[in-house]
Amino acid sequence: MSDEISSFEFPPATARGDHLLSREDLLRARSRLIIRRIRADRRWLKLLWLLAGPGVLVMLGENDGPSMVSYATTGASYGVGFFIPFILLTFVMAFVVQEMTVRLGAATHRGHAELIFQRFGPFWGYFSMADLVFGNVLTLVTEFIAIQAGGLYFGLSSWVSVAIGVVLVLASLSFRRYATWERALMALAICNLLFIPAALFAHPSGAQLAHAMAHWGPLPGGFTTAFLTVVLANIGATVTPWMIFFQQSAVVDKGLTRADVAQGRMDTAIGALIAAAAAIATVVAAAPLFAAHVNVSSFASGADFATALQPLIGTTGATLFALGIIEAGLVAAMTISTSSSYALAETVSARHSLNLDFSGGKLFYGAAILSTLIAAGVVLIPGAPLLAMTLTVNVIATLLMAPALLFLLLLVNDREIMGDLANGWRTNLAGGVIVTGISLVGALYGVITVFPNLLGQ
Amino acid sequence: MPFDRALFDALEPGQRSEISRLPLPRKQLGWSAKTLLVILRIYVVVAIPVVIYAFIKALDH
């Protein structure tokens, strides 16, 4: 099949300079033909189903191992209260940010890393790519920690669970077709909703949830450094730099055009809604630990939460929780490793697409494979500073969100490349508030990291 | 494999890999964008030591 596609030859070069469709073009063109037919038939649900993917994957990918541990910590520390509507708000912020990447990808047909490199020069291009790839490799380590921890809950040794994780991540890269990769990951990512039945085993009170949503409370303990840290962790669990790079590249690889922006928005909104439901369910599932006054400050992984929850929500609930942690780590490992590949290949002008075969995408696939193997290897090194890495990942993600958001806003206001899809004043206002808010929060996080006693206890 | 015009036209010109690999021209930045990028450089210079400090401090845990 691949040979047939690679040798697909068109008539001699035209004035437009195009004479050959590559394998990635051909696969994308076939998808576009189907989209065109479905749109002409006005089958809107089918159209949404076909065009959905990048938004759902990026939102559920960000509900990763460390994020679910953050949500569990939130539930165990504060119960059902302030953080329920707050988490919903963070996903609204995530939607506003990610929607811009849909428009950027559909308007320019270029990834985020290559746009920064080409429009703002090599310094910012290499900087953005390097900080993303470095942050991603560290984040990948934390995903394998989640997979390992989930495996330990089921009695699997670290080696076995990490090896299974590596095999599955590498297998996901073997499809050589974006559409297949996307659907396989979506099927896996929907298992993020395992946290909802886990939450039901905690027998949550509907009235308590409604009260929390309506009153943004209660907030036990009030405004402390610990509260602020949980706020920052929840923001860091929802809006991160890799999401911007990943979704734009995925939109381009999927072949979305200006005509598909409405469906791209819906895809992102649906992803945000599902991810918010899973995140809130995790808080609710862990809330019995708050009621039982369990101290979770020494908990290092999702497995600790699952073990502690077992007597409170039962074996089935705890098992679902542990399975959810494994799924969270696995899906994030697949999306984050791909995000690094896209960014690296885009920056150095190498071919970048999940439609490529291996010979055409050596750098693209090589980067994902290498980063996966490095991250998995680090987790298995005896005495490796895994906790230090986990803590540093949060600092890097929060601090580097400001530059990523600033470039996003600059690019989405660039009318030369965006045309009529450029930001209007409303999106600039919303984006500006979010950029300013996250930059201030990031700076505050940095200050608290260096001066932990600045705000007292 | 015969030339398939419908397939060829299914992609917008900018979507074809040959064309999308051509670099876009560098953006001409106004003073406000230049100022933002200068502030960003300062931010990065401050942020990197914070990340290094955070990692070293986390090693003590």
request  = Enter the angle in degrees (range 0 to 90, nearest 10) between the Cα long axis of helix A:241-254 and the first principal axis of the Cα atoms of chain A, meaning the one along which they spread out most.
outcome  = 40
ask   = Using the alpha-carbon atoms, what tilt in degrees (0 to 90, nearest 10) does helix A:362-380 show relative to the longest principal axis of chain A?
value = 20
inquiry  = Just to confirm a number: summing +1 for Lys and Arg and -1 for Asp and Glu over residues other than A:ALA350 whose beta-carbon lies under 10 angstrom from that of A:ALA350, what do you get?
reply    = +2
3J(HN,Hα) from dihedral phi, the range A:84-94, Karplus parametrisation 6.51/-1.76/1.60, rounded to Hz, x for glycine, proline = 5, x, 5, 4, 4, 4, 4, 6, 5, 4, 4
query = With a ≥ b ≥ c the root eigenvalues of the C-alpha gyration tensor of the protein assembly as shown, is it rounded (a/c under 1.5), prolate (a/b larger than b/c) or oblate?
reply = prolate
task = Answer with one residue from A:VAL92, A:LEU444, A:TYR342: the one whose Cα lies farthest towards the positive end of the charge dipole of chain A, charges on Cβ with Lys, Arg +1 and Asp, Glu -1.
result = A:VAL92
query = Which of A:THR142, A:VAL435, A:SER353 sits farthest toward the positive end of the charge dipole of chain A, with +1 on the Cβ of Lys and Arg and -1 on the Cβ of Asp and Glu?
reply = A:SER353
task = Please sort A:103-116, A:175-188, A:427-440 by packing, taking for each peptide the average over its residues of neighbouring beta carbons within 10 angstrom, highest first.
result = A:103-116, A:175-188, A:427-440
key: Residues of type lysines that A:LYS46 reaches as a straight line, Cα spacing below 17 Å, ignoring anything fewer than 8 places off in the same chain   = A:LYS254
Total charge dipole magnitude, the protein assembly as shown, about the Cα centre, Cβ charges on Lys, Arg, Asp, Glu only, Debye to nearest 20 = 980
query = Based on the alpha-carbon gyration tensor of the range A:324-451 and its eigenvalue square roots a ≥ b ≥ c, which shape applies: rounded if a/c is under 1.5, prolate if not and a/b is larger than b/c, or oblate?
reply = oblate
ask   = Against the longest principal axis of chain A, how steep is helix A:23-40, in degrees 0 to 90 to the nearest 10, with axes from Cα atoms?
value = 80
query = At a Förster distance of 51 Å, what's the computed FRET efficiency of A:SER298 paired with A:MET186, Cβ-Cβ distance as r, to 0.05?
reply = 0.90
task = Treating only the Cβ atoms of Lys and Arg (+1) and Asp and Glu (-1) as charged, compute the dipole magnitude of the range A:254-393 about its Cα centre; round to the nearest 20 debye.
result = 240
Within chain B: Cβ-based charge dipole about Cα centre, in debye rounded to nearest 20 (Lys, Arg +1; Asp, Glu -1) = 360
inquiry  = Can you show me the helix-derived [θ] at 222 nm for chain A, built from DSSP H runs with n ≥ 4 at -39,500 (n - 2.57) apiece and divided by the number of residues, rounded to the nearest 500.
reply    = -25000 deg cm²/dmol
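Checking the a/c ratio against 1.5 first, then a/b against b/c, what shape does the Cα gyration tensor give for the range A:70-158? Kindly include the intermediate steps, with their values, before the conclusion.
Working: a/c = 2.88, a/b = 1.49, b/c = 1.94.
Oblate.
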ask   = What whole number of Å gives the distance from the Cα centroid of the range A:47-67 to the Cα centroid of the range A:231-270?
value = 8
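Readers should treat all values here as calculations from the given coordinates under stated rules, not as data from a laboratory. Predicted model only: the values in this text are computed from it and were never measured. Note that we place each Cβ from the backbone using ideal geometry, even for glycine, and neighbour counts take in every protein chain shown.
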